[in-house]
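The values are calculated or read from the model by the stated rules, or taken from the named source; none is laboratory data. These figures come from a predicted structure and were not determined experimentally. So basically every Cβ, Gly included, is an ideal-geometry build from the backbone, and we count neighbours across all protein chains shown. Just the protein is used for accessible areas: all its heavy atoms, side chains included, with ligands, DNA and RNA removed. Shrake-Rupley method; radii C 1.70, N 1.55, O 1.52, S 1.80 Å.
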Amino acid sequence: MGCSPTERGDVGLVLHLGAGECAQLEGYLQSTARNIVLVEPNPALARALEARAAADARVQVWELAVAAAEGPAELQVFNLEPLSSLRAPDGLRALFPGLHRVAVVPVTATTPDALVAILPSDGQGAGAPPDVLVIDTPGEEAAVIDGLAAAGALVRFRRIFLHAGTGCDYAGSVPVDQLRQRLEEAGYRLEHIDAADPDRPCLEFFLPQAVVDAAARLAELRDECAALRAARDGALETVRTSTEAAVREAERGFADQLRALETELAETRTATEAAQTACAVAERAAAEGAQVAARHATRIAELEVALAEAHKSLGEAEGVADRLRALEMELAETRTATEAAQTACAVAERAAAEGAQVAARHATRIAELEAALAEAHKSLGEAEGVADRLRALEMELAETRTATEAAQTACAAAERAAAEGAQAAARHATHIVELEAALAEAHAALGEAEGAADRLRALEAEHDAQRATAEATSAVAERAAAQAAAQLSQQAERIAGMEAALATAEADAQTTARADAERNTALRAECDALRRAAQEARAEADRARAETAQTLDGLRDDLALALRQQSMRDADLGDLRRRHAEVMAQKDRQDVLLQDLTRRLAAAAEFLQTLDALDAEDMAGGMAAVTASPDPSVPALVPARGGKGRKKKKKKAP
């Protein structure tokens, strides 16, 4: 890789995504970087990086893949290992026809924002050395840039080194020109292009300090605006909550009071209706009593007329002689009884009993008068001389009997009237009792109504007090709302001031942009003048440039082809070296085996020579024994080849 992130001065953090074999590691270690984070998904390459940087505590190796989504993923390892990717090499096969996949490695993927969140935070702030980002993630360059930009973490890196293909080398990948446009739109300025690999150049970007300061100031203003909005929303929510709670509490109190008042009002209405019903019953009873009293008065007047007639009849009988004084006395008693009957008619409660007594006395007296009349007839029979006087007496007696019968009839009518009067009096008494009870109930209902009215007035007073409290609470809430509104207005003024400051900053930026535009216009005018001055020379140079461009294109294509062939040759050479190493290792193992076999063969040859020497000695000894034996019948002492003695020798040989 031609780009060197640490050769431009002091560095804070170096984040290398897709470190691979990391040819820049020696430069990283020799730099002043505070922290060096190497991110590599291939486990074998990650272990190799850890082994190389184990002596430097600044270096951290993270075995991760960086992609648009978190979770398990598959790394496709190709025979050109630097081009390994999480994506299928759709356009890459046209550049490298011999490209093929040699392995699929399961890896863990993380997102750019999650990765930045766990980065070391040392050295950040004003005056701190810049952080450097190296993006060498084939196929995932756009996901890295977009993820960091969306999280607001892209401006953390003042320098970015981007390795990307000129075409859509992988499925869903973005060409380097579009990636360059995105970084320039984010405020980065292209400083250098390393085209050592024309198909995959390295672009170096730098973020000016003015853009960093403007982004930081904008972030601060946004944070302050967000804090002010949050404070405003919190104050409004607090006021709204307290107001709603006070209103709900007042509504609950008013609802309870209203329900109590409605209940008492219903009870009062019921009691009032009962009292009105009782009063109506009492009025009807009084009307009925008045009618009965009128009938009684009419009956008493009739009885008085009858008594007057009886008096008249009795007055006519007062002219009888001495002989009839007893009758007159009886008539006086009858008159007294009639007066008593009149009195009984006047007093309805005693009329029935007194009328019955008078009727009994009358019956008794009539019986006595009849007996006296019989005696008078007997006396008249004895004294016929007084016939005329007797007839007159009989006439008076007949009149008296008639008057008595009339008196009895009047007494019977008086008894019936008295009975009716007693019944009416009983009804009146019952009705009066009912009226009194109804009146008492009406008084009680009125008392309860008055009590309910008093309670109603008390509840109304309490309701007025609660209403006053609620109004006071509402006033407090309104004052709080007014204070909150004042605070909100202050905050709004502060926001307006900040927005004005932001507008001023934007205006300054626009002014600077306009000045730059004017300078650019002036420079463009000068360039136009120079262009017009150089038109004739350019016409000739164009032809040479076209020829040179054609030559350069051919050379560039040749160079790209040569580089691709060189890459393939390097890959093939690496493969051959690996195979050669394996063959040499096998040869070394075979050499070791041959040496061991040679040593063992030498030992075996020596052992065979020893055996041959022992066989010769044994043979010589046997011959000597046969020669020295005096008895030919004795068998030879020379053991046969491979016999017991030889076996014993074999045991001794090792």
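Solvent-accessible area of residue 587, probe 1.4 Å, all protein chains present, reported in Å² to the nearest ten, please.
Solvent-accessible area, nearest 10 Å²: 90 Å².
Short version: ³J(HN,Hα) in whole Hz for each residue of segment 543-549, in order, from phi by Karplus 6.51 cos²θ - 1.76 cosθ + 1.60 (θ = phi - 60°), x for Gly and Pro, what are they?
With the stated coefficients, segment 543-549 comes to 5, 5, 5, 4, 5, 4, 5 Hz.
Explain nothing, just compute: Karplus ³J(HN,Hα) = 6.51 cos²θ - 1.76 cosθ + 1.60, θ = phi - 60°, for every residue of segment 11-23 in order, whole Hz, x for Gly and Pro.
Running phi through 6.51 cos²θ - 1.76 cosθ + 1.60 with θ = phi - 60° gives 9, x, 10, 10, 10, 10, 8, x, 5, x, 7, 6, 5 Hz.
Amide H neighbours of residue 131 under 5 Å, at least 5 residues apart or on other chains, H built in the peptide plane: list them.
Placed amide hydrogens put 12, 13, 158, 159 under 5 Å from residue 131.
So who's got an amide H within less than 5 Å of the one on residue 19, skipping anything under 5 residues away but keeping other chains? H placed 1.01 Å off N, in plane.
39, 40
Quick one: which residues, 5+ away or cross-chain, put their amide H under 5 Å from the amide H of residue 61? H built at 1.01 Å from N.
Excluding prolines and chain starts, which carry no amide H, the hits are 38.
Per residue of segment 166-177, what does 6.51 cos²θ - 1.76 cosθ + 1.60 with θ = phi - 60° give for ³J(HN,Hα)? Whole Hz please, x for Gly and Pro, Karplus curve as stated.
Along segment 166-177, the couplings run 6, x, 7, 6, 10, 5, x, 7, 10, x, 5, 5 Hz.
At a Förster radius of 22 Å, what calculated FRET efficiency corresponds to the Cβ-Cβ distance of residue 224 and residue 482, to the nearest 0.05?
Working: r = 25 Å, r/R0 = 1.12.
Working from the Cβ atoms, E equals 0.35.
Quickly rank 550-562, 241-253, 39-51 as a protection proxy: mean count of other C-beta atoms within 10 Å, highest first.
Details: 550-562: 11.9, 241-253: 13.5, 39-51: 18.8.
Per-residue Cβ counts within 10 Å, averaged per peptide and sorted highest first, yield 39-51, 241-253, 550-562.
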